[in-house]
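The values are calculated or read from the model by the stated rules, or taken from the named source; none is laboratory data. What you see is a predicted model, and the numbers here were worked out from it, not measured in a lab. Here Cβ is always computed from backbone atoms with ideal geometry, including for glycine, and neighbour counts include all displayed protein chains. Side chains are part of the model used for accessible areas, which takes the heavy atoms of the whole protein and leaves out ligands, DNA and RNA. Shrake-Rupley method; radii C 1.70, N 1.55, O 1.52, S 1.80 Å.
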Amino acid sequence: MDYYEPHLAIHESGHVISRMVDLYGIGGQVDFIKISIDEDHGGTVKAKPMFTDEELRKFNLERYPDLELTRRQLMKEAVINVGGVAAECVLNNRPLPDLTSSKEDDIASDLTKFQIYCRNILKTQRIDASSPSFFMDMRKLNLMLFNDALNIFKTEKHKTATLFLVESLESEKVYTGNKLTVIVEEIHRLLN
């Protein structure tokens with residue numbers, strides 16, 4: 001097996017960039033609270049998600065009258081959740097993950113949350129989990145969305161913006177307040 005060294009700055013930058021890219025007609029959100037790779041602050045991107053963990057676990061179609069918009073929002077959030085892994089695959093030669101394995105109870109895991117988003121996307125398409133085709137539909141959706149995430153980091157401007165943030169995070173470690181505003185504005189400039 002190939003040795004793989006995780007790279008937290010690339011991972012967290014991947015989440016940031018995938019959030020800022022306009023995917024599926026859902027604009028690039030920039031409502032960040034914190035971007036950090038500092039161990040004391042936790043390696044994390046804090047931003048207001050479109051869906052809370054509770055909404056994801058107990059996804060109820062009746063709460064979302066516009067299922068097409070909801071499906072696209074779920075797709076965008078799924079890509080954001082695997083954006084860190086995708087950035088590492090492209091920029092740090094990380095092996096592709098097994099998208100089918102996740103721990104149901106570990107909602108903090110990027111891949112588990114990705115799976116939950118995918119299941120909920122299928123619900124918006126009225127595909128029942130007990131349907132014989134559910135596994136194949138889920139697998140196709142997993143591959144399609146992960147490929148969308150990978151493709152973000154293959155374009156030159158996204159790669160440039162990601163590497164800029166990686167370098168910035170490696171020197172600054174934590175961005176909040178005014179520093180966060182400045183770094184997000186610079187990333188936005190690089191993306192456009």
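At a probe radius of 1.4 angstrom, the accessible area of the chain per residue rounds to 52 square angstrom.
Share of carbon and sulfur in the accessible area of the chain stands at 51%, probe radius 1.4 Å.
When only the Cβ of Lys, Arg, Asp and Glu is charged (+1, +1, -1, -1), the dipole of the chain relative to its Cα centre reaches about 620 debye.
Our helix-only sum for the chain, with -39,500 (n - 2.57) per DSSP H run of n ≥ 4 divided by its residues, gives a mean residue ellipticity at 222 nm of -18500 deg cm²/dmol.
Return the whole-Å distance between the Cα centroid of the range 136-192 and the Cα centroid of the range 16-37. The range 136-192 and the range 16-37 have Cα centres spaced 8 Å from each other. Counting every C-alpha pair in the range 129-182, the share spaced more than 17 angstrom apart comes to 60%. The trypsin sites (Lys or Arg not before Pro) of the range 91-192 meeting both criteria, a DSSP state outside H, G, I, E and B (loop) and at most 14 other C-beta atoms within 10 angstrom of the site's C-beta, are 103, 126, 154. Over 24 Å between Cα atoms: which of 34/159; 46/173; 34/123; 48/154 fall into that group? In this structure, 34/123; 48/154 lie more than 24 Å apart at Cα. Sequence-ordered 3J(HN,Hα) estimates for the range 164-174 from the Karplus curve with 6.51, -1.76 and 1.60 and θ = phi - 60° stand at 4, 5, 4, 4, 5, 5, 5, 9, 8, 6, 9 Hz, glycine and proline given as x. Over the chain, the hull volume per residue, using the convex hull of the C-alpha atoms, is 128 Å³.
When the trypsin sites (Lys or Arg not before Pro) in the range 36-87 are filtered for DSSP coil states and for at most 15 other beta-carbon atoms within 10 Å of their beta-carbon, the remaining sites are 58. Ordering 115, 93, 16 by the projection of their Cα atoms onto the charge dipole of the chain, which places +1 on the Cβ of Lys and Arg and -1 on the Cβ of Asp and Glu, puts 115 at the extreme positive end.
A simple rule links phi to the HN-Hα coupling: the Karplus curve 6.51 cos²θ - 1.76 cosθ + 1.60 with θ = phi - 60°, which for the range 10-26 gives 5, 4, 5, 5, x, 5, 4, 5, 5, 6, 8, 8, 6, 10, 6, x, 9 Hz, with x for Gly and Pro. Using only the Cα atoms of the range 80-192, each taken as one equal point scatterer with no solvent, compute I(q) by the Debye sum, divide by I(0), and report log10 of the ratio at q = 0.10, 0.12, 0.19 Å⁻¹. The Cα Debye sum returns log10 ratios of -0.39, -0.55, -1.04.
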